[in-house]
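Asks: Before I ask anything, let me first share the structure, which is written out below as structure tokens.
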Amino acid sequence: MKTMLNVALPKGRLGEKVYYMFEMAGFPCPSIKENNRKLIFENQEVGVRYFWVKPSDVAIYVERGAADVGVAGKDILLEYAPDVYELLDLKIGACNMAVAAKADFVDDRKRTLHVATKFKNIAKKYYAGLGRDIDIIHLNGSIELAPILGLSDVIVDIVETGTTLKENNLVVFDKFQPISARLIANKANFKFKSEQIEKICRSLEKQTENL
Ligand code: PRP
């Protein structure tokens, strides 16, 4: 029997695109398209087992070896710095990490800057590079509300189409980090399953050339 490759896929919009790339790369799993609440799907013929995981948890599954490989955003990899191999830029889920604020915001460098974000390590590093003293307000979502309600001066967040900022009357002050989805692998499992992992990686790389 084939050794199964355990693959953590990010749930949601990005996950569907990611699964489609795996399918096109020769690793389909037809049952995954059945609309139910199941989280694990496998196709023994091609030797893959997929799990749907919360996007921000993919790196944890891979780092601890519960998944051999997975797909995580570069934002998550920069924020949590998991001890994994980053094998490939899948070139999907492209967006930017940016600083945004109300259009009339003017930075007063004599004052501590209040920064709302889900990505506190990325934000700290960015402002440390500027030598700027900040106070981080860690939020879990709807970050755009913070400057509107006076909870923060600026936000550090992901901007994709820019629609969320626009609808909330915020503007980008600096786009400082391009983000996209990356194929990652568990370091120990990579040794045992290198042939399978390298094969899937090469096939996915071909898919990125068609994008
Ligand atoms: C992300 C991000 C922005 C939005 C950007 O939020 O935090 O709010 O997407 O996309 P846009 O530029 O295309 O509008 P997400 O949808 O993950 O929800 P959240 O509020 O839970 O962070």
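Asks: Just checking, how many residues over the range 135-151 are on the phi < 0 side of the Ramachandran plot, more than 14 Å from the ligand (Cβ to nearest atom) and assigned to a loop (DSSP other than H, G, I, E, B)?
Replies: Qualifying residue count, the range 135-151: 2.
Asks: Still on this structure, I have one more. Can you spot a residue in the range 154-166 that is among the acidic types (Asp, Glu), more than 19 Å from Gly93 (Cα to Cα) and open to solvent by 20 Å² or more (accessible area, probe 1.4 Å)?
Replies: No; the residues of the range 154-166 include none that is among the acidic types (Asp, Glu), more than 19 Å from Gly93 (Cα to Cα) and open to solvent by 20 Å² or more (accessible area, probe 1.4 Å).
Asks: Still on this structure, I have one more. Scan Ile92, Ile76, Ile122 and give me the residue that is free of Cβ contacts under 8 Å to residues at least 24 places away in the same chain and closer than 23 Å to Val62 by Cα.
Replies: Ile76
Asks: Please specify each residue of the range 167-185 satisfying the condition of being part of a loop (DSSP other than H, G, I, E, B) and surrounded by 14 or more Cβ atoms within 10 Å (Cβ to Cβ).
Replies: Of everything in the range 167-185, those that are part of a loop (DSSP other than H, G, I, E, B) and surrounded by 14 or more Cβ atoms within 10 Å (Cβ to Cβ) turn out to be Asn168, Ser180.
Asks: Then there is this: For the range 125-153, what are the residues that are open to solvent by less than 70 Å² (accessible area, probe 1.4 Å) and of a type in the set (D, E, K, R)?
Replies: Arg132, Asp135, Glu144, Asp153
Asks: Would you check if Ile122 is at pLDDT 95 or above, open to solvent by less than 50 Å² (accessible area, probe 1.4 Å), under 18 Å from the mean Cα position of the chain (by Cα) and away from the ligand (no atom under 12 Å from the Cβ)?
Replies: Yes; evaluated as a whole, the condition is true for this residue.
Asks: Quick check on the range 166-188. Is at least one of its residues more than 18 Å from Asp107 (Cβ to Cβ), within 16 Å of the ligand (Cβ to nearest atom) and without any contact (Cβ under 8 Å) to a residue 24 or more places away in the chain?
Replies: Yes, that holds for at least one residue.
Asks: Counting just the residues of the range 103-119 that are among the basic types (Lys, Arg) and exposed (fewer than 14 other Cβ atoms within 10 Å of the Cβ), which one comes out farthest from Asn168 (Cα to Cα)?
Replies: Lys110
The values are calculated or read from the model by the stated rules, or taken from the named source; none is laboratory data. Owing to the predicted nature of the structure, the values given are computational and were not obtained by experimental measurement. Note: ideal-geometry Cβ built from the backbone for every residue, glycine included; neighbour counts use all protein chains shown. The protein model used for the area step is the full one, side chains on, heavy atoms only, and it has no ligands, DNA or RNA in it. Shrake-Rupley method; radii C 1.70, N 1.55, O 1.52, S 1.80 Å.
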